[in-house]
1. Given H placed 1.01 Å from N in the peptide plane, which residues other than close sequence neighbours of Ala307 have an amide H under 5 Å from its amide H?
2. Considering all alpha-carbon pairs of the chain, what whole percent are spaced by more than 54 angstrom?
3. Output the Kirkwood hydrodynamic radius of the range 252-503, Cα pairs only, in Å rounded to one decimal.
4. Taking amide H positions as placed 1.01 Å from N in the peptide plane, with prolines and chain starts having none, which residues 5 or more places from Thr656, or on another chain, fall under 5 Å of its amide H?
5. For Asp803 and Met1016, FRET efficiency with R0 = 30 Å and r from the beta-carbon atoms, rounded to 0.05?
6. Dipole of the chain, Cα-centred, from +1 at each Lys and Arg C-beta and -1 at each Asp and Glu C-beta, to the nearest 20 debye?
7. Which of the trypsin sites (Lys or Arg not before Pro) across the range 253-350 are loop residues per DSSP, with 10 or fewer other Cβ within 10 Å?
8. Which distance in Å, rounded to a whole number, links the C-alpha centroids of the range 20-53 and the range 609-651?
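Every number in this text was worked out from the coordinates using simple rules, so none of it is lab data. Bear in mind that the values here come from a model prediction, so they are computed numbers and not experimental data. Glycine gets a Cβ as well: all are built from the backbone with ideal geometry, and neighbour counts include every protein chain shown.
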Amino acid sequence: MDLKTLSSEIKACQKCDLCKTRTNTVTGRGSPNPDIVFIGEAPGADEDAQGKPFVGRSGMLLDRCIRENGIKDYTILNIIKCRPPENRKPTTEEIEACKPWLEQQLELLNPKIIVCLGATSLNFFFPNKKISESIGQTFTEGDRRYIGLYHPSYCLRGAIKIEDYIKSFERVNFFLENGQMEGSRETLAPQPSPLSPPIAPEPQMPQRSKIPSGLPGEPAGLGTLKTSGPQSYIPLHLHTERGSVGDVFRTDDELAEDLVQKGFSACACTDHGSLSGLYYFQEALKKRNIKPILGIECYINEGPREASHLVLLVKNEVGYKNLLKIHTLSKKTTHKIFNKVYQKISIDDICKHAEGLICSSACISGVLARRWKRGEPVDSVINKLHSAFGDDFYLELQPNRLKESGADQERYNEFILSLAKKYNLKCIITTDSHYNSPEDKHYHDLVKAINYRKTINDRIGFGDDTFCNLTTEQIDNLLKSNHPKVYPLREELYKNTQEIADKCSFELPLNLGDTLIGDEKEAQQNILSRLNIEKYIQENGYDPQVVNERVRKELDLIFKRGFAKYFDKVLDMCDFADETGIPRGPGRGSVGGSLVAYLLGITKVDPLRFNTLWERFLSPSRTPDIDMDFSAAKREAIIGHLKLKHGNTNISHIITFNEWSDKSIIRDVGRVYEVPLSEINKFTKELSTKTAETLKIEDVILTSKTAAEFAKKYPDVIDAALRMKGKIRHIGMHAAGVVICKDLENTIPTELYDREEVRNSLICSWEKDALEKLGIIKFDVLGLSILDVIDECLKSAGLTWKDLPEDFADPKVFEFLKSGKTAGIFQFGSQLVSDYLRKLNPDKFEDLVATNALCRPGPLNSGMSFDYIDRKGGKEWDYDHPKLEPIARDTYGIIAYQEQIMRVAHEIGGFSMVESEKFLKLVAKSKGRDAIKEKEDQFLQGALASGFTKEQFVNLFEKILEFGRYSFNLSHSVEYSMLGYFTSWLKLYYPIEFYTALINSEKDETLSLAFVKEAMDSGIVIKPPSIESPSELTSFDKEKNIIYLGLNKVKGIGPEEMKKVLIAGKDFGKLQRIKKNIFQTLVEIGYMDSVERNRKQLLEGKELSKNTLWAWSTEPNTTGDWSEEERNFRLRKHLPWPRSFDELPEIGYDQYRKKLSTLKEETVENKAFLSVGWVYDFKAYNNATGTSYTLNYEDGTNRVILNMSAPLARRHNDILSKIISGEQTDPIMVCVHP
């Protein structure tokens, strides 16, 4: 008997009364040849409805355990095949009735291990054993081995943590691989999990392409192919997720693991017009001893917005250099579709750089296929390519079943065979692989649907499921069934792919050597000439020996490692900024620990004054990383300087590959499946926590009723999301990274990046970590808008940057920070930090530094932040050991900084500073004591030698483990506290200048409103833009204490319209001739009050646009103006004009009411609350469910946009109609759902 026959018999079973109440029998799911069988108790409601085991919440947890532990080749069964009513425990009689079915299933499946999930399953085989005493143990009975584990439902009831339950499944793989003896419970390190994903639950995707299900030679059932013997061919046309973003479903590791499982010895990477995947492809394959072949599928220029394909493969180093040249030339001709830039090249240019390359004619979108489809001759193209590549030109056949008009693969293959015969050319067979296996086609379709903004009902993806890593057997069967003229030639085709693989011997080097432009010796001399150590010692009174020794150590390492050029380039950027008046910050990150950087003027942080460590910045094992803050408005001028000095083609930005997060994949897949946005939002809301951490989809389904209901209603969305999250969604550009590389485009590949501010700029094809491994140094050039605020404020006040205080000790500044008026102050402007400062009562700069480090979610939740407040306030405390006093004196015994951990490890643990830095990294990233066990023993010996007792050491080490991961970089905290102090000082002594600069720099309406409100509360008069002094920017009159808002703060007036308004000046006639809605806006904000105070009169009789909120043209002729309340109401629609919370009435539900300002707090809870406020604008949207609205809403503390669905709008039509008509000027009460 086989499994299919047995399954039919089970479905017809009537041995007990459960057959009368069942909907479906539940036989099992999984591989027909499993290594592992999981056995549960009985089906539940979801299983009964679907006829499959473990598909409810318990099944989701079980699938997650299987997936995260890399378990493959498994089957899931239950003892009972029918659901007991009300999910009751099965009776002995029911178990006995089903017993023969389970025994026959196990006989046919013949697994290596049986996992008993829960007590009922365990007692079926071992009646006398207790599940609580059997967890993780193996038992033997006859030839079978068993493992006992808790049932998933036990975990879901909260008996054990989810992460602990998932970890318990590590034992399954361990025993499978190691064959541990009966009763074993040794604590063993988990074995490395295979990188390929486990078998997912059977997807139930609607609207799948109607293609043949399963390939010839594909085993039945859900199991993956087990490792097979060597394949007869080499995949020479294959795409990766980084090089073909939006057209591939698999990670590089999943690809490499699949190649191993199927027995491939080599493979080529040929991405669409991109070289971004090469590095990662090579890394993944080499880890598994598979030969990587590097290449590309070029876009051939066939005219405007048209292209065909051609595959190039690298034979040797000359070929790689030529591939880079071809890729560089392709940037000259481009076109864009959606967000993809197509870099195209001519066949002639390819032929000029053919040396060291192999060429194949590509797929049915190839250069030959395009002409074949149009009935055009191909002779000239073949002659060119054959002449250029000689025996390295091959014709490409594919085994797919495409039969579409103009894309009939069988006919095209026959055409290619005729060309091969005519020109005596060799042919190869490829599969044009975009995913690993046929069952992955659906997910590849979804990737394409997301990329091209399609839905599940659109035609997406390829019309066949063969564009994957097919085995030789599968290709044989496809050719036999669909390509009879190719089938007899298959062995020759396979042999030719092997021939090509043998020709290719190039691999990317592990390190590219010194690629930074410049001369190291000259850079060293420049650095030495700029250091004025004597002046530094004299001005500060430092010990010359201490200073000289520190400088010597830093320079020794900088020069020995060859980093002088790096420092010299940073210094050059700083010099350019200073010479051209571009503001730059006092430093950023760990560079504040370098005395050399301070003496060169790169930073403003004196390491000896602030006790920062240079070893935190630079170590013998690490590349230096100097982050530089420049004016956000003028950052591009810095990049322009680099291009001008070193050449356009030697400067590049750096690519980023952005993965699907749990939230983004739910949104994307939900859109494809046309799930209502309101339901998607409900689910994604469950993924957020009050600590700003993001939960996993798997977690919320198990813990949230809302999420569980969504998963039950949209199982296809959840299935796809779980398979797709973590894979690459789109590319981006590193916010700060810049590469300066000699002969850049002949050293590493680059792409063209299509973003407005850097359009047509080069972007390195590989991310920063890959570049660093190859020895290419990046520079972090960041734009920081607060520098522009400071600069504008200083200029308005008649000051320069040299006038800013350097002692950081003004008592009035600290008193000002305690006042709560911190809006716009760098790092200290949020409500949370403002409240913290009031409680802290800062009186020295070190308190601000500590606030920067401690006012973050981790330290706040751990209690460290409030311990600092208490101890500073007088609470008694003591050091755990006297040796901690010099290390933690400034932080009242609290280890708040990373540098403190390094000093503890060095001075108490006896580590070298290099070891201390490595120890810091372990602590910061550690998931538990196991990861640093070796260092703990070394630390203990050092501590004992330093006079610690064992008890004191344990107490100290526990604190380091507990709080170390929250520790902050002291250098960075000092640097950014300086900017916080500067902005506090300017706001205190030059308030009108500061508020003006702040309002000018801020683009966010809510923050602009907060700044305007605080300025008003400070006694400054705020006025709207006026025709008397038209200006794009906000300006001020210090004598009158007035700030005039600029036209750039007016909502709805874009740059082009603003130019027209400014050109019109005081000419009222010209203003009347601009767009009607712009004229109306100007009237409503009072722009023309000096021309006509009666704003209503200005609009009287004027024909207005139909979509305007107020139908002025229908109002009766009257000389009466709007009331003051209505004037202000219209004004607030267009300008950040605040109202006062105190104006609002009491509502009697104060326990449920909150201010909207609480939404800005970092620790806000995700709970609904009541709010009273005003609606000052709205927008309407027509959709399938009716008309929905967004309401611009404020309560005097903040402005937000409220989403009102169509059903909700109908329910509150009475209020909404007043809002639309403009009658609702009084406050309304709403329930806000964050």
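1. Hits under the 5 Å cutoff: Glu302.
2. Result for the distance tail: 35 percent.
3. Values: mean 1/r = 0.0534 Å⁻¹.
With all distinct Cα pairs of the range 252-503 included, I get 18.7 Å.
4. Long-range HN contacts for Thr656: Gly732, Met733, His734.
5. Working: r = 28 Å, r/R0 = 0.93.
Plugging the Cβ-Cβ distance into 1/(1 + (r/R0)^6) gives 0.60.
6. Values: 167 positive and 177 negative charges, 480 e Å.
Dipole about the Cα centre, nearest 20: 2300 debye.
7. Working: sites: Lys262, Lys286, Lys287, Arg288, Arg305, Lys315, Lys321, Lys325, Lys331, Lys332, Lys336, Lys340, Lys344; in loops: Arg288, Arg305, Lys315.
Here the trypsin sites (Lys or Arg not before Pro) that fit, given the DSSP loop and packing criteria, are Arg305.
8. Using only Cα atoms, the two centres lie 60 Å from each other.
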